[in-house]
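So the structure is just underneath, and the comments pick up after that.
The values are calculated or read from the model by the stated rules, or taken from the named source; none is laboratory data. Values in this document were obtained by computation on a predicted structure and should not be read as measured data. Using ideal geometry, Cβ is built from the backbone for each residue, glycine included, and neighbour counts are taken over all protein chains shown.
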Amino acid sequence: MQIIVDANIFLAVILNEPEKQRIIEITKGIELVSPEVLPYEIGNALSAAYKKQRIIKEQAIQAYQIFDTIPVHLVDVNVKNALNIACDGNSYAYDAYYLELARKNDLPLLTLDNKMKNIAKLFNIKTIEL
């Protein structure tokens, strides 16, 4: 089985957020799929956490190294279709990339983002609850 996994799920795991154990339970034995921009999103989120002084440089580097060990299938996204979703859902394109993959491949989406879950409902995209 495959699921589309949002960047915030990976961040919750690598930064030891409270949802980490539940995420690991849900994704055990599941093929994780994300847009090919995922590593850049993770890097951006870690640099933002550093800039806001939530983590130190060494933690950012270590967190990325942990992320880099997580098996995830990165796939190309139809940006035009994602942009339609972003505009119709009043969201960012980066969020719409995950939604487009889930819609196109008829796969459930795992995210911690409630707004993204609401947009998924608009497009009849299944979501996984934690």
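Looking at Glu25, is it at negative phi and outside any helix (DSSP H, G or I)? The answer is no for Glu25. The numbered conditions (1) touching a His at 6+ places or on another chain (Cβ under 7 Å); (2) surrounded by fewer than 15 Cβ atoms within 10 Å (Cβ to Cβ) are all true for Gln65 except (1).
Checked against the criterion of being assigned to a loop (DSSP other than H, G, I, E, B) and of a type in the set (D, E, K, R), region 42-55 contains one or more residues that satisfy it. Residues in region 16-31 that are without any contact (Cβ under 8 Å) to a residue 60 or more places away in the chain and either under 17 Å from the mean Cα position of the chain (by Cα) or surrounded by 18 or more Cβ atoms within 10 Å (Cβ to Cβ) (or both): Asn16, Glu17, Pro18, Lys20, Gln21, Ile24, Glu25, Lys28, Ile30, Glu31.
Going through region 106-130 one residue at a time, which ones are among the polar types (S, T, N, Q) and either within 19 Å of Tyr40 (Cα to Cα) or surrounded by 13 or more Cβ atoms within 10 Å (Cβ to Cβ) (or both)? Across region 106-130, the qualifying residues are Thr111, Thr127. The residue that is nearest to Pro35 (Cα to Cα), among those in region 101-117 that are assigned to a helix (DSSP H, G or I) and in contact (Cβ under 8 Å) with a residue 24 or more places away in the chain, is Leu101. Regarding Arg54, is this residue of a type in the set (Lys, Arg) and surrounded by 19 or more Cβ atoms within 10 Å (Cβ to Cβ)? The answer is no for Arg54. If you take the residues in region 55-88 that are more than 16 Å from Tyr40 (Cα to Cα) and either at pLDDT below 95 or among the acidic types (Asp, Glu) (or both), which one is nearest to the chain's Cα centre (by Cα)? For region 55-88, the residue satisfying everything is Asp88. Residues that are polar (S, T, N, Q), part of a helix (DSSP H, G or I) and farther than 28 Å from Gly29 by Cα within region 60-91 comprise Asn81, Asn84, listed in sequence order. Screening Ser34 with (1) surrounded by fewer than 20 Cβ atoms within 10 Å (Cβ to Cβ); (2) assigned to a strand (DSSP E or B) gives one miss only, at (1).
For region 83-98, taking the residues that are under 15 Å from Ser34 (Cβ atoms) and of a type in the set (Ser, Thr, Tyr), the one that is surrounded by the most Cβ atoms within 10 Å (Cβ to Cβ) is identified as Tyr98. How many residues, within region 35-68, are touching a Phe, Trp or Tyr at 6+ places or on another chain (Cβ under 7 Å) and in contact (Cβ under 8 Å) with a residue 12 or more places away in the chain? Adding up the residues that qualify gives 8.
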